Each structure stands twice: as C-alpha cells, then as structure tokens.
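Enquirer: Got a structure for you, questions after.
The values are calculated or read from the model by the stated rules, or taken from the named source; none is laboratory data. These numbers come from a predicted model, not from an experiment. Neighbour counts are summed over all protein chains in view; Cβ atoms, including those assigned to glycine, are modelled from backbone coordinates with ideal geometry.
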Amino acid sequence: MRLSSIPLLHLWAHHDFRYLSVGVFFHTLSMVGEQVVLGWYILELTDSALMVGVALGLRNLPLLLVGIPAGVVADRGDRVRLLQLSGVAMAVTAATLGVLVAFRFAGVWPALVLTFVTGCARALHQTARQSYAHDIAGADGLVHALALVALTSRVGGLFGSLLIGFLIARHGSAVAYLAVAAGYLASAVAMLPAQSNGRPSAADAGSVGADVFDFLTMIRRDRVLLHLMSLTAVAEVLGFSHQALLPSLARDVLRVGPVGLGVMTAARQVGGLAGIALTSGLGAARAYGPLFLTVLIAFGASIAALGLAGSFAVVLLILVGTNALGAVTDVLAQTLIQLAVPSGLRGRAGGAWVVAIGMAPLGQFQIGALASLFGVSAALGVNGLTLMTVGVAATLLVPRLRKL
C-alpha cells in the first residue's frame, strides 16, 4: 500500500484513498456547514460577536484537550474503525441539536454543550484520518496525500457552506443541523469498504497515560517539533480565527444575510482549493521549511488586508487569497510535523497537530472580544500584523526551521 512521489490522479486511483477522500468530502461538508449554522444561530440568540467567538472556540477546544490522547488511540487501534465510529458520534450529536432547535428546547447552553461533544469526536476523527493517509502514501508521498485530502475537504466545505446557508435562509437552523448530521453519517458509511492496516507497529504494551506522558516529554525535548507546533498554533489563533467574524461581517457590516454568509464561507473554500492546487505541485520533502515561513507571513498580510475591505465583492476576493495561503500553511504544517517524528508515532504526530490547531479557541475568543470593543476591521488588522511579526521573527531567530 505504499505510494511514493506520485501525482494526485495516481493517488486517487488507489481504492482505499478513494474511500478516504469520499469520507473526507462528506465530513467536511458537515463540519463547515456546522460552523455556518452555529455562528448564525448563536448570533440570532445573543446578538453578540463575542458569543459567536465563544461558541466557535468551544467547538474547537476539544482538539486542544484530547489531541494527544486521540493520537495514542490512533497509534494503537484500527484507524478505519475509528473514522467510522467518530463519524457516527458526530451525526448523533448534530441530529440531537437539530431536534432540540426544531422543538425550541435549544438555548445557548445546550448548543454549546453538544457542539463541544461533537468537537471531541472530531479530534479523534482528524487524528485517525491524518495517520491513515500516511499509512496509504508513505513518507515520500505524504505531502501529495495530505494535499488530496485537503482538496476533497475544500470541495466538501464549498458545497457545505452554500447548502447550509441556503437551508438556514429557507427552512431555518433546525433543518440545517439535520443536514449536517446526514453528512457526518455519510462520512462514516463511505469508510465501510476501506481496508484496515491492522494494528500499527508502535509499541503499545504500556498504558495510554504513559504513552501520552512519553510523547509530551519528546515534544519538550525536540525543539523543532515544538517550534512547528507553536507556529501552527499561532497561525490558528491569529489567522484562521478570522472565520469567527464572518457572521458579524455578513449581517452587520455588509448586510448580506445568511445567504451572503454562505457565499463568504464558500469563497474561503474556493481559496483553499487554489492553495491545494499549488501545494500539489511540490516535490517530495524538500525545502518545506522556508516555504512554510514565507507563506505564514503572507497569510498575516492577507488577514490585515481583509480588515480594510469595503465591499462584498472585495471581501470575497480577499477571502479567496487569504484561504489559499491558509490552505498551504495547513498542509505544510501537517507534513512537517509528521516528518519530524518516527514512523511508529505518526498517530501521535497527528495528535500534536490537532493540539496545535486546538489553540483556535484562544483566537476566536480574542478576535471576538476585539471586534466587540473596537470593530471588525481593527480586530482583523491587529491579528494580521501580529501574525506577520511572528513569521518574520521565526525566520530570523530559528535558523533550523529554514533548513527543513
């Protein structure tokens, strides 16, 4: 099952990767759709950009809390079965929330609690998915594998954002949540024919707690891995957090409603597709470090530019560029973290990446608070300029990153 240094179309010809890609499509359709309906629903209930940031932050908080334990589970267990079980779990919680909304039982707190539970299942799903992609493609083909996963993910997110925005406008949030549940269930069903790789070769005689502690010790000692995780977390906190302001931008600044929010979210996915197209042309494991740092700085500049946009059309164009850069940043971060650990720990490497992106709640709380105090434009400008500064500092002060 090893495929090395191959074009995306050749990788797509592998039957297990097709199953994985279809599962990723439906998973991301629902994940992005859930983001749209959650942001809109909380904004309607509270009329607060800060509360939208809190809700989206709680949605991602489980990634920080359970990322490393999820990585240990992914190293010990059947990754295909984990993808199936986590998909079913997310479907059940989303359907429950849809029913509660339909019968007007879901206030802010039930929505936040169920969203947090869904996030716990998503942490396990994303960790198992990343390590399963490594199982299929091997180290040399990893960047292509992750690019193809990201490509199908962005296509799913594009459909999900448009579909859920339309359903909210026509039928309300309850129907939108039920559609999200159906997509999560479809992602689990898509993995039924996939071939399991069996138990990974990593030693698993000790307890899960001991494995978690050992990996945390490795992170503390391995400065390269620690720097990569830190920069991934900074990109999540200062860059990707811009999505928390899209509901306020759509309703209060641009006045384009839920359909406009869906279009803006779709523009993010289009940008992601463009970024993946660029990433797919990279060679095998060469000079990823300098490229990662360069793209990180450009990502910050695009966030600052978004804060200066004055019309819906300009916002859409900048969102495309911003998320193209974000997608490249994301794929390179995953690849570098996977390549920084021994092959037997790739599940835990996936967990390390999940922990890093689990810092997103800090960014969503922070950008929501800044927007409430100083406005959407100021919040985007502060985050963008800070991200640029961090990228430049890492380039100048951490020479080992330039040699990756």
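Enquirer: Given the residues Val32, Val22, which is the only one that is in contact (Cβ under 8 Å) with a residue 40 or more places away in the chain, of a type in the set (A, V, I, L, M, F, W, C), assigned to a helix (DSSP H, G or I) and surrounded by fewer than 23 Cβ atoms within 10 Å (Cβ to Cβ)? Steps first, please.
Expert: Working: Val32 fails: surrounded by fewer than 23 Cβ atoms within 10 Å (Cβ to Cβ).
Only one candidate qualifies: Val22.
Enquirer: Something else about it: Of the residues Leu319, Leu261, only one is in contact with a His (Cβ under 9 Å, 6 or more places away or on another chain) and not charged (D, E, K, R); which?
Expert: Details: Leu261 fails: in contact with a His (Cβ under 9 Å, 6 or more places away or on another chain).
Just a single option satisfies the conditions, and that option is Leu319.
Enquirer: Given the conditions (1) farther than 20 Å from Gly156 by Cα; (2) at pLDDT 85 or above; (3) in a helix (DSSP H, G or I), which single one is not true for Thr335?
Expert: Single failed check for Thr335: (2).
Enquirer: Could you list, in sequence order, the residues of the stretch 35-66 that are surrounded by fewer than 24 Cβ atoms within 10 Å (Cβ to Cβ) and more than 15 Å from Val108 (Cα to Cα)?
Expert: If the condition is that a residue be surrounded by fewer than 24 Cβ atoms within 10 Å (Cβ to Cβ) and more than 15 Å from Val108 (Cα to Cα), then Leu61, Pro62, Leu64, Leu65, Val66 are the ones that fit.
Enquirer: Across the stretch 162-194, which residue is modelled with the lowest pLDDT among those that are touching an Asp or Glu at 6+ places or on another chain (Cβ under 9 Å) and farther than 19 Å from Phe25 by Cβ?
Expert: Among those residues, the one meeting the criterion is Ser173.
Enquirer: Hey, Gly87 hits all of (1) surrounded by fewer than 23 Cβ atoms within 10 Å (Cβ to Cβ); (2) at pLDDT 85 or above; (3) not aromatic (Phe, Trp, Tyr) but one; which does it fall short on?
Expert: That leaves (1) as the condition not met.
Every residue, every condition in (1) in contact with a Ser or Thr (Cβ under 8 Å, 6 or more places away or on another chain); (2) more than 18 Å from Leu20 (Cβ to Cβ), yes or no:
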position	(1), (2)
Leu65	no, yes
Ala70	yes, no
Arg76	no, yes
Gln84	no, no
Thr93	yes, yes
Thr96	no, yes
Ala111	no, yes
Gly119	no, yes
Ser131	no, no
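Enquirer: Among all residue pairs at least 6 apart or on different chains, which show Cβ distances below 6 Å where the first residue, located in the stretch 300-321, is closer than 16 Å to Gly275 by Cα and the second is part of a helix (DSSP H, G or I) and β-branched (Val, Ile, Thr)?
Expert: Ser302/Thr322; Val320/Val270
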